[in-house]
1. Kindly indicate the residue of the range A:210-235 that is crowded, with 21+ Cβ neighbours inside 10 Å and within 14 Å of another protein chain (Cβ to nearest Cβ) and also modelled with the lowest pLDDT among those meeting that condition.
2. Here are some conditions: (1) within 14 Å of another protein chain (Cβ to nearest Cβ); (2) without any contact (Cβ under 8 Å) to a residue 12 or more places away in the chain; (3) part of a loop (DSSP other than H, G, I, E, B). Residue A:323 meets all but one. Which one does it not meet?
3. Would you mention how many residues in the range A:288-299 are part of a loop (DSSP other than H, G, I, E, B) and crowded, with 22+ Cβ neighbours inside 10 Å?
4. Considering every residue within the range B:77-84, establish whether at least one is crowded, with 18+ Cβ neighbours inside 10 Å and closer than 21 Å to residue B:201 by Cα.
5. Of all residues in the range A:363-373 being modelled with pLDDT under 90 and either in contact with a helix residue (DSSP H, G or I) (Cβ under 8 Å, 6 or more places away or on another chain) or not assigned by TED's automatic domain parsing to the domain that holds residue A:325 (or both), which is farthest from residue A:235 (Cα to Cα)?
6. Step by step: first the residues of the range A:23-44, then only those that are more than 14 Å from chain B (Cβ to nearest Cβ) and under 19 Å from the mean Cα position of the chain (by Cα), then the one that is nearest to residue A:60 (Cα to Cα). Which residue is that?
7. Filtering the range B:175-184 down to residues that are within 9 Å of chain A (Cβ to nearest Cβ) and surrounded by 24 or more Cβ atoms within 10 Å (Cβ to Cβ), which residue is nearest to residue B:221 (Cα to Cα)?
8. Is it the case that the range A:120-136 has a residue that's within 22 Å of residue A:34 (Cβ to Cβ) and out of contact with any strand residue (DSSP E or B) (no Cβ under 9 Å at 6 or more places or on another chain)?
C-alpha cells in the first residue's frame, strides 16, 4: 500500500519553526527575467534569509505596488528551502504591474511581497491526480506536479494544459521532458484553435478530461485558469460518475486582472447584489471598488484596465448609499454621460475609492452586462447569514 | 503516455481572426474614418504652451462631442519626451509643449458596437529631427503595410521586417506596441495579444499595425497606427 509522503511536512520538521502558510511581508530581489512567450514573462525572485517564506504548492503571493494595490501570482515551483521562486506574469495592455511595472523591472530590483495565500494545496490519495489549466494557470499546476513527483509513490498524474495554439503552451518542452523521465506523469496538450497540422488533442481541457476519464472516483482534480474555464470544467466534470466537489480544487485567475485574488487584510463589508440575491464581501480599504471586487474573487470585466474609458465596470449604487459616497469627478461624469442606458446611481467601479467610510456599501451588479464568469464567481461567495 | 508525436509547430491559427456577432465591415470602416477625423480634430487644438494633461482633457471633450469617448483603451496625447513612453505607461507629469516640439495622439474609441484605433505624430514649429521621426513613423507604417499587402508575411515576420526597416532609418522600434486585433467591442475576448506574435498572414480590416519608433538618444519618439488595409484606403 502506498502511503504518500508530504515533502513540505518533512521540510517543516527539518526547519522546525513557523507553520507553513503563515503570511508574511518581505522584500525579494529580481534575479531572473525570462520571456517565456510574447505575452508571458517569468520573474525569478531571490528571497531574503531573514523571515522565512514557506508555501504549499498551489499557493500564491501578492506583489505590493505601494498604494494599497496588489497583484497576485502563483509560485511556479514546489517549495525548497533557500531556493528562489518564479512567478509567471501574463502581459495585459494597461496592466498596472504586468505592463507598466514589468517593463521597467530589471535584475537586481526589489519587490515587496506578501504571502503565501490560497487554499489550493496538494492532497494525498491513491487515485489519479488530474491537473488541468489554461494560460499561466499552469504555474501552480507545475508546482503541484513537482511536489507530487518529489513525493514518490505510484500515483498517476495527468497534466492537461490548454491553449489556443501551440505557442500558448510556453513550457511544453519542459513537460514533455518531465513525462519522459516519469512514466506515471502524463502531459496532454490541448489546443482549441490549432492549425491543420496539429496531431494532438483538440478542444477544451474539460472536454478532453471528460473523454479520458469516465469515472472520477478517488480522483483529485486541480483546475487553474480563467473563471470561465473553471466554470465550464466544474459543470462538465460534474456530469461524470464519481465527481466529488470536495475533491475539485480550483484557482481562478481573473480575465481582466488575471492574478488579482483575495485581499490579505479585509477590513470592510460590501453587499453585492446580482439577480436579486445579496451576498457580503469582505475587502480591504484603500483600493478601488473594482480592485476590491476582483480581489474578493468576483469575475469583473474591465477592458480598459481601470482608466474610466470603457464603462464595462459599471455598477449601480443602491439608493441609500448614493449620497454617502463622494460624487463622481469630471472624468467619470463625462464618460457616464457618453454611455448608453445610464440611470440614477450608476457609477464606474474603477472610480470609487473605498475608505473606512465605505463599510457597508451596497451595490447591484446586475447580470446581463457582466461576463460569464460572474455567475460562478458570485455563486462562490458565501450567503448573507439569515 | 507521452505526447512527443504532437510537437508540430503551428504555422497558422486563423481562428484568432474570429469576429463577434455585431461585426460589420462597413461600420468598421466608418469608425476608422471617424477615428482618423478625431485624431486630426484633436491635433488641430493642440498648441505650444499647453500642458499635456490639459491636452488629454481637451481630447476627451472632443471625443465626447463626437460620441466616441467610450474607448477600449485610454486616450493618450503625449508631449515631448513623453513620446518615448510605451502604451499604458504613465506620462511624466506637467510636460509643456514647446514652440518647436513633437506630440502624438493614440486613441481607441468605441462607436456604438465597433472599435476604432488610430495614432499619429505631429510637430509644431521647426525641429528637423522630430519632423523626420514623425514622417518616418508614417513612412514605416506604409512600408510595412505594403509589405503585408504584397507578401504572405506572418505578423511575426512583418515586425521582424519593421525592426530592420526602422534600423535602416536610424530608429529603434518599440516592440511593446506591435499591433493587435480590432473588431466589434471588445476584441479582447477573441485575441488580446500582439500582431507581432501571430504566425499567419493577417487579414485586412481585422488588425491594426502600430509603429512606435524612438530616437536612439532617447530624446523623443513618434507613433503611427491604422488598420491593415490596401492602398486604396490611403489615397487622398
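The values are calculated or read from the model by the stated rules, or taken from the named source; none is laboratory data. As the structure is a computational prediction, the values presented were derived from the model and not from experiment. Every residue, glycine among them, receives a Cβ derived from its backbone with ideal geometry; neighbour counts consider all protein chains shown.
1. Of all residues in the range A:210-235, those crowded, with 21+ Cβ neighbours inside 10 Å come to A:216, A:219-227, A:229-231, A:233.
Then keep just the ones that are within 14 Å of another protein chain (Cβ to nearest Cβ); that gives A:226-227, A:229.
Numbers: A:226: 75, A:227: 68, A:229: 76.
My answer is A:227.
2. Only one criterion is unmet by residue A:323, namely (1).
3. At the first step, the residues of the range A:288-299 found to be part of a loop (DSSP other than H, G, I, E, B) are A:296-299.
If we keep only those that are crowded, with 22+ Cβ neighbours inside 10 Å as well, we get A:296, A:298-299.
Adding up the residues that qualify gives 3.
4. No.
5. Start the filter on the range A:363-373 by keeping residues that are modelled with pLDDT under 90, which leaves A:364-373.
Among the residues that remain, those that are also either in contact with a helix residue (DSSP H, G or I) (Cβ under 8 Å, 6 or more places away or on another chain) or not assigned by TED's automatic domain parsing to the domain that holds residue A:325 (or both) are: A:365, A:367, A:371-373.
Values: A:365: 23, A:367: 20, A:371: 17, A:372: 13, A:373: 12 Å.
Out of the qualifying residues, it is A:365.
6. Residues of the range A:23-44 that are more than 14 Å from chain B (Cβ to nearest Cβ), as a first pass: A:23-34, A:42-44.
Restricting the remaining residues to those that are under 19 Å from the mean Cα position of the chain (by Cα) gives A:23, A:42-44.
On the way: A:23: 10, A:42: 15, A:43: 14, A:44: 14 Å.
Only one residue tops the list, namely A:23.
7. In this case the residue turns out to be B:178.
8. Going residue by residue through the range A:120-136, those that are within 22 Å of residue A:34 (Cβ to Cβ) are A:133-136.
Now restrict to residues that are out of contact with any strand residue (DSSP E or B) (no Cβ under 9 Å at 6 or more places or on another chain): none.
The answer is no, given that none of the residues of the range A:120-136 is within 22 Å of residue A:34 (Cβ to Cβ) and out of contact with any strand residue (DSSP E or B) (no Cβ under 9 Å at 6 or more places or on another chain).
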